[in-house]
Structures are given as structure tokens and as C-alpha cells.
1. Which helices (runs of 4 or more DSSP H) sit wholly inside the stretch B:1-90 and have at least 3 residues that are within 10 Å of DNA strand C (Cβ to nearest atom) and closer than 22 Å to A:Gly76 by Cβ?
2. Working only within the stretch B:110-142, note down all residues that are open to solvent by 70 Å² or more (accessible area, probe 1.4 Å) and either of a type in the set (A, V, I, L, M) or not in a helix (DSSP H, G or I) (or both).
3. Looking at B:Asp107 and the list (1) surrounded by 13 or more Cβ atoms within 10 Å (Cβ to Cβ); (2) more than 14 Å from chain A (Cβ to nearest Cβ), which single condition is not satisfied?
4. Anything in the stretch B:73-86 that is under 24 Å from B:Leu109 (Cβ atoms) and open to solvent by 30 Å² or more (accessible area, probe 1.4 Å)? List them, or say none.
5. Looking only at the stretch A:1-22, how many residues end up being in contact with a helix residue (DSSP H, G or I) (Cβ under 7 Å, 6 or more places away or on another chain) and of a type in the set (S, T, N, Q)?
There are 2 protein chains.
Amino acid sequence: MANYDLLKQALKKEGLRYTIQRQSVWDELCATDDHRDAEEIYMDIRQSGSDVSRATVYRTIDVLVKNKLIRKLDLGDGRARYEHKIDTAHHDHLICVQCGKIEEFMDDLIESRQDAIIKKHGYKLIRHIHQLFIICDECSTK
Amino acid sequence: MANYDLLKQALKKEGLRYTIQRQSVWDELCATDDHRDAEEIYMDIRQSGSDVSRATVYRTIDVLVKNKLIRKLDLGDGRARYEHKIDTAHHDHLICVQCGKIEEFMDDLIESRQDAIIKKHGYKLIRHIHQLFIICDECSTK
DNA sequence: CTCCTTATTGATAATGAGTCTCAGAATTTA
DNA sequence: TAAATTCTGAGACTCATTATCAATAAGGAG
């Protein structure tokens, strides 16, 4: 599942060594398509039998984010989530404020309007956040 | 500038008392159209001659946000900003990643696409965040 | 106006995600 | 193999925000 070449490339680019701990973090990140926070990832790594310190988890995540192997999400609740879907197309997020479920959405029209707004101002777009906080169907029928 | 009736209504609704400290916080929030963090607001209140503790500033801000007298912004840098523009129409934000300047934008097409996405999923929209992180023209010519 | 009950305040401790430090361990290079 | 360099883990630290709690103030009742 995990593509070690991607990790190797990123580490090489950063002038960092390929270590078993960094591989464990990458393994765990590739293991699911969830949107987990650092603590959850840390706990899941331990669960899977590996032993990597919290500090190393954070440090490795930083490298992976910087090299776009994973994406960092800020849902505004004080802890960052990480998702591994690098290969998939760009998408934004729908977040259920009740159960915390996260889904993805993508709309070409919105994307092009964004570009138009930026262009009109004469700015350069670096990145964007577009999150729709909702109550999902399951939660609304409860 | 500050509309005390709005504050009074909100406090009444929450079953809270009208105090000079809460009025000072409201005064300061109404004094500018900036997007300040709690510490800046706290310092500006002291600057203006009033004396309100940090704890009370935070507590009052919470009440105001809850009652939609001010809006809370999360720019992903670890501290919340607050803006007072309640009377004005809905808008989202353009944030310069270099100088931190914040501008506002609004696009009806994007808003309607959002609604369409929500409707398609059968969800209920609670709120949304749409932030475009950019490099502004001033910063890009430096 | 005064007493009494209840809410508020401010100082400070606590929290929690994330970062930093540094000595010991591991790896790479000479 | 030795020397140099990078990594790691444990725990200290940071910083925004929240909680605690004794002292103070507000809002009635009489």
C-alpha cells in the first residue's frame, strides 16, 4: 500500500535519512483514507506494533506535509488532521458538526470563480480552504 | 458607534448582567473594522483607558460570538480573529500569507453552488469557511 | 437605602496541541 | 574502526485559551 519511493524521494530532497521510524509513520498514514489528528496517528502506530515517539511522529508529518505527500486540514477545533490522498484530485471538505464525519466535494465552477476573484484583484493564489460545516442525513434523522 | 441595545439584548437572552467590563469589550470591538485577535483587543481596551482582565475579554467575546454580534475567524495560525461587521452582508476572506492583510470577497455564484452541493447530499448547511490565501500585489512587487 | 442572593471579575493555575532541547543511539563517511 | 553527522525519545517548554475560586458588584426584596 505505502509507496516507499515517494517517501525516499521526499527525504532525499530534504537531505534527511531514511529511517524505520519515518517509514512507520508513512505506513500508518497510507493505511487508511481517514482524516486523523497527530495523536490518533501516534496511537495507531503503537497499536500496529511499531514504537515511534510523539516527537518523531510530528516531525515526520511536517516533512510529509511540506513535500505534499499528505495534506493538513484545519477544521478549526484546535488540532490538525492529516489525509493521505495525494494521488487523487483536489477536493474540499464537508464536515458534520454533530458526528464529525468528513466527506469530500469538488466543484469546477467554484474553482474557476475563485481564480476569477484572485485575478480581478491582481493577486496570486497560494492555497485555499473551503469547508462546509453541515448536519449529515444520519444525524438529522436522529 | 457601538449599539448598546444589541449588547443588552444578547446579555438578556443569555441571562447575563450588563456590566461596565462587557460594555468596554463591545465598545472596543465596534471601534474598528479590523480582524484582531483576543490579545490585540485586550491591549487596545487597556490603551483606551479601560481596565478589563484577559479572562473577561475572552468570556465576553464568547457571548458575542454565540449571539452573532461578532464573527470569529480561524486563519489557521493558532489564534482566532474577531470582526465586528454584523450589519454588513455575508463575505469570505482573502488573506495575504506574506503581510497578513485581510480583505473580503463575496460571490453569489459560489454561494449558490455551495447550496447545490449541500442539497445534492441531502445535508443541512450550518456554516462555511472559504478562505483564499494569496500574495497581494504590494507583497509580490517587493 | 440596606440586606441578601446570585452573577461577575481578576489573578492565576491548568490545559492541550504542538515545538524545542539535548544526551544517547544510529548511520554515514573518511 | 574512528570521526562526524543525523535521529530519536523523553520531557521541558510555549502559547492561546479555559477553568478555578475568593473577593467584588449587581439586582431585587423589604
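1. Values: elements: B:4-14, B:20-31, B:38-47, B:54-66.
In the stretch B:1-90, B:54-66 are the helices (runs of 4 or more DSSP H) which contain 3 or more residues that are within 10 Å of DNA strand C (Cβ to nearest atom) and closer than 22 Å to A:Gly76 by Cβ.
2. The answer is B:Lys124, B:Ile126, B:Arg127, B:Thr141, B:Lys142.
3. Of the numbered conditions (1) surrounded by 13 or more Cβ atoms within 10 Å (Cβ to Cβ); (2) more than 14 Å from chain A (Cβ to nearest Cβ), the odd one out for B:Asp107 is (2).
4. B:Lys85
5. 1
Per-residue answers, yes or no, for (1) within 14 Å of another protein chain (Cβ to nearest Cβ); (2) in contact with a Lys or Arg (Cβ under 9 Å, 6 or more places away or on another chain); (3) within 16 Å of DNA strand D (Cβ to nearest atom); (4) of a type in the set (S, T, N, Q):
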site	(1), (2), (3), (4)
B:Gln47	no, no, no, yes
B:Ala80	yes, yes, yes, no
B:His91	yes, yes, no, no
B:Arg127	yes, no, no, no
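A quick yes/no check of all residues on (1) open to solvent by 60 Å² or more (accessible area, probe 1.4 Å); (2) within 14 Å of chain B (Cβ to nearest Cβ); (3) near DNA strand D (Cβ under 7 Å from one of its atoms):
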position	(1), (2), (3)
A:Leu16	yes, no, yes
A:Gln21	yes, no, yes
A:Glu28	no, no, no
A:Thr32	no, no, no
A:Asp37	no, no, no
A:Ile41	no, no, no
A:Asp44	no, no, no
A:Thr56	no, no, yes
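The values are calculated or read from the model by the stated rules, or taken from the named source; none is laboratory data. Computed from a prediction, not measured in an experiment: that's the story for all the values here. Because the Cβ atoms are built from the backbone with ideal geometry, glycine has one as well, and the counts that use them run over all protein chains shown. Surface accessibility is based on the protein's heavy atoms, side chains included, excluding ligands, DNA and RNA. Shrake-Rupley method; radii C 1.70, N 1.55, O 1.52, S 1.80 Å.
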